[in-house]
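Structure record follows, encoded as structure tokens.
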Amino acid sequence: MSKIPTGKNREHSDSSTADFIQNYLSGKLTQEESENLWKRLENSPKLERLLFRQMELDVMLEEIAGEKIPMRQSDVSSMNLKKDDFVTLQKDHSFFRSFSNIVSISLFLIVLVTAIGLVSVSLYLTIFATKNKEVIETFVSSSDDRHLPAEPDEKKPEEISEQMSAAVAIISGLVDVVWDNRSGVFRQGQAVEPGWLRFREGLVSITFFNGAEVVVQGPAELKIISVNHVQCRFGNINVTVPPQAQGFLVSSPQMMVKDLGTEFSISVSPNGTEVHVIKGEVELHKTPHGQDLPASLKEGEAVFVASQGDLRRFQANNETFAPTRSLKDKTKEYLYWQYEKWQRRRQRFDNDPFLLFRFDFENLPGDAESVANAVFNIPKLVSKNITQDITQNNSQNTTQNIVQKILEGRIVGCRLTEGRWPGKGAIEFSRTSDRIRVYVPESCESITLSAWVRVNSLNRRSNILFVTESEVIDGRQQPALQWSILPSGSLRLELSSPIPGEQLRYESSPYFKPEHLGQWTHLAVVVDGLMQTVSHFVDGILIDIPIVEFPFKESLPIPIGMAEIGNAPTTKQPSKGTPIRNFCGCIDEFHFFSRALSREEIWDLYDPVTDWANETE
């Protein structure tokens, strides 16, 4: 006997229930099965809906087949229905047939109207396009120009992944610091990630992103845990915490000090930890196996906890940590001292016959239109080339007038700003038109370029530091030499290739990260024609010697001629436009040598005070 799925049988598929109802509509159920169905209909609205849905489907199938199958009277007897029940079912069955007819006609009309509309639109667009072909092409072309990026391989904004940084603080001050090589060298303004800072002597100021300032006197070992926590292994520390950074933690082997909005000092040594509260209040927390401590210390109080566990309370002494508390004044003095050292040694390469020009941007007026070449002894080789130019061109200008081309750089749009020391001059490049133009009538077998730069952003496909004026080869701009920084943070040196339209690219591994932006960095690149190598340097240290498939001996000598600092020369084909590749940042010193400098000499350009051998041993 067939049964409707109920209870435990409800996990059966709906198809078995549908088959049961279809048997009913086909008159194949016994009287007992029909009575069972009716009882279920009275208690199951879901089953009732399924029955009427099946009746509707039957009607549609009948219409498709072109035949009408009346409901059998046996259905009534088999279900033992009352007359009124039968009439209701029969009316419902008829209603489904009528409704099906209406739906079928409506769908046919909708499809017909839609087809007519599509044909009409197609015909109209065909006629319009034929008569207005030029207008359409102009619109499409202008639309494409508005929406396509300037460079064909630039990523769309949604395709560029968001940069991330783990930095929690910056180095806000340095005085006479001798770094421990185990933790590396940090520069003023550098963003700092969690990790160790180790130095043998000097003062280091660290400003955390929450506003807390920590000044450390060496020798010291300090580990930055987070934006709110530092660990000191040894050293003297002064901590100033504004209300916005309340809760700042300093831990040592003997205790943990929690700030409550105050200024306090800590001295950590192998003998123990000493805490002095200068202003406000701090909480003291013992280490897991440490000595019990006072709950807090208030202004003017101090405590010493020995490594063996002994505890001694006494009055705070503000003079104990005077060196760390006077860092700001010492930082200014140190910067002025560095500036004076540089001024005394800035001419150390000026007698080099291969130094073609040096721009130091010193003593420039605010409205300066040019920057003088600080090298007064112009190389004889350059003077000779200039004399040849005069003879060949039959110029009426004197040699001295022509030499002015090599003596100065023409400033276009840039503005004067402060350099890497207070009082030091620099040039800022911020607009897409800013640049310095310089003329070098020389072809070089080897080249060294050196610059002190402060990078503000790397939002161009190529952020140019130096580039020669391009030649147009096969319709493409091809500079003889280009030095730039890529958005990835890599340094790139490009040379023209014997293959028209191709460039030889010598690219370093990525260096610049978001935390390097806004701080002064020394960059240098050495093109060694004899060794056929290109070397990239950052802060006096070699970072990469990239290798390309083809040597550049066929590109030698490298013609310089008219060149630009901080931007790309305007194209000689104005209709095609000029790519926007300006440098965004500042430059406060620039050297151009027509020879390959050694590693020791690159270090001397970076740091004329410290001996190279001591720093690289």
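The values are calculated or read from the model by the stated rules, or taken from the named source; none is laboratory data. Note that the structure is a prediction, hence the values are computed from the model and not measured. Cβ sites come from the backbone with ideal geometry, for glycine too, and all protein chains shown count toward neighbours. Quick note on the areas: whole protein, heavy atoms, side chains included, nothing else; ligands and nucleic acids left out. Shrake-Rupley method; radii C 1.70, N 1.55, O 1.52, S 1.80 Å.
Select, from Ile499, Ile543, the only residue that is surrounded by fewer than 18 Cβ atoms within 10 Å (Cβ to Cβ), out of contact with any helix residue (DSSP H, G or I) (no Cβ under 7 Å at 6 or more places or on another chain) and closer than 17 Å to Ala596 by Cβ.
None of the others qualify; the one that does is Ile543.
Have a look at Pro487, Pro422, Pro514 and point out the one that is over 18 Å from Gly409 (Cα atoms) and open to solvent by 60 Å² or more (accessible area, probe 1.4 Å). Step through it out loud before you land on a result.
Working: Pro422 fails: open to solvent by 60 Å² or more (accessible area, probe 1.4 Å); Pro514 fails: open to solvent by 60 Å² or more (accessible area, probe 1.4 Å).
Exactly one residue qualifies, and that residue is Pro487.
Across the range 190-204, the qualifying residues are those that are touching a residue at least 24 places away in the same chain (Cβ under 8 Å) and open to solvent by less than 30 Å² (accessible area, probe 1.4 Å), and the one among them that is farthest from the chain's Cα centre (by Cα) is Gly202. Residue-level analysis places Phe583 outside the set of residues that are modelled with pLDDT of 90 or more and over 24 Å from the mean Cα position of the chain (by Cα).
Mind checking whether some residue in the range 262-271 is in contact (Cβ under 8 Å) with a residue 12 or more places away in the chain and under 28 Å from the mean Cα position of the chain (by Cα)?
First pass over the range 262-271, keeping only residues in contact (Cβ under 8 Å) with a residue 12 or more places away in the chain: 262-271.
Those left that are additionally under 28 Å from the mean Cα position of the chain (by Cα): none.
Within the range 262-271 (the criterion being in contact (Cβ under 8 Å) with a residue 12 or more places away in the chain and under 28 Å from the mean Cα position of the chain (by Cα)), the answer is no, since none of the residues qualifies.
Quick check on the range 409-419: of everything there that is crowded, with 19+ Cβ neighbours inside 10 Å and in a strand (DSSP E or B), which residue is nearest to the chain's Cα centre (by Cα)? Break it down into steps so the answer makes sense when it comes.
First pass over the range 409-419, keeping only residues crowded, with 19+ Cβ neighbours inside 10 Å: 409, 411, 414, 419.
Checking which are in a strand (DSSP E or B) leaves us with 409, 411.
Values: Gly409: 33, Ile411: 30 Å.
Ranking the candidates gives Ile411 first.
With the condition kept exactly as written, say whether any residue in the range 451-470 is without any contact (Cβ under 8 Å) to a residue 40 or more places away in the chain, under 30 Å from Lys341 (Cβ atoms) and either assigned to a strand (DSSP E or B) or not charged (D, E, K, R) (or both).
Let us first name the residues in the range 451-470 that are without any contact (Cβ under 8 Å) to a residue 40 or more places away in the chain, namely none.
Within the range 451-470 (the criterion being without any contact (Cβ under 8 Å) to a residue 40 or more places away in the chain, under 30 Å from Lys341 (Cβ atoms) and either assigned to a strand (DSSP E or B) or not charged (D, E, K, R) (or both)), the answer is no, since none of the residues qualifies.
If you go through the range 232-261 and keep only what is touching an Asp or Glu at 6+ places or on another chain (Cβ under 7 Å), under 19 Å from Phe304 (Cβ atoms) and either of a type in the set (D, E, K, R) or part of a loop (DSSP other than H, G, I, E, B) (or both), you end up with Arg233, Lys258. For the range 308-321, the count of residues that are open to solvent by 50 Å² or more (accessible area, probe 1.4 Å), at pLDDT below 75, within 24 Å of Ala563 (Cβ to Cβ) and of a type outside the set (Asp, Glu) is zero. Would you mind listing the strands (runs of 3 or more DSSP E) fully within the range 149-231 where at least 2 residues are among the hydroxyl-bearing types (Ser, Thr, Tyr) and modelled with pLDDT of 85 or more? Here the list reads 195-208.
Each row is one residue, and each column tells you yes or no for (1) open to solvent by 30 Å² or more (accessible area, probe 1.4 Å); (2) over 30 Å from Trp421 (Cα atoms).
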position	(1), (2)
Ala220	no, no
Asn228	yes, yes
Asp259	no, yes
Ile266	no, yes
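Checking the structure you have, find out if any residue of the range 503-525 is assigned to a loop (DSSP other than H, G, I, E, B), more than 23 Å from the chain's Cα centre (by Cα), under 25 Å from Ala167 (Cα atoms) and in contact (Cβ under 8 Å) with a residue 12 or more places away in the chain. Show your work before the answer.
From the range 503-525, those assigned to a loop (DSSP other than H, G, I, E, B) are 508-513, 517-519; that's our starting set.
Checking which are more than 23 Å from the chain's Cα centre (by Cα) leaves us with none.
No; the residues of the range 503-525 include none that is assigned to a loop (DSSP other than H, G, I, E, B), more than 23 Å from the chain's Cα centre (by Cα), under 25 Å from Ala167 (Cα atoms) and in contact (Cβ under 8 Å) with a residue 12 or more places away in the chain.
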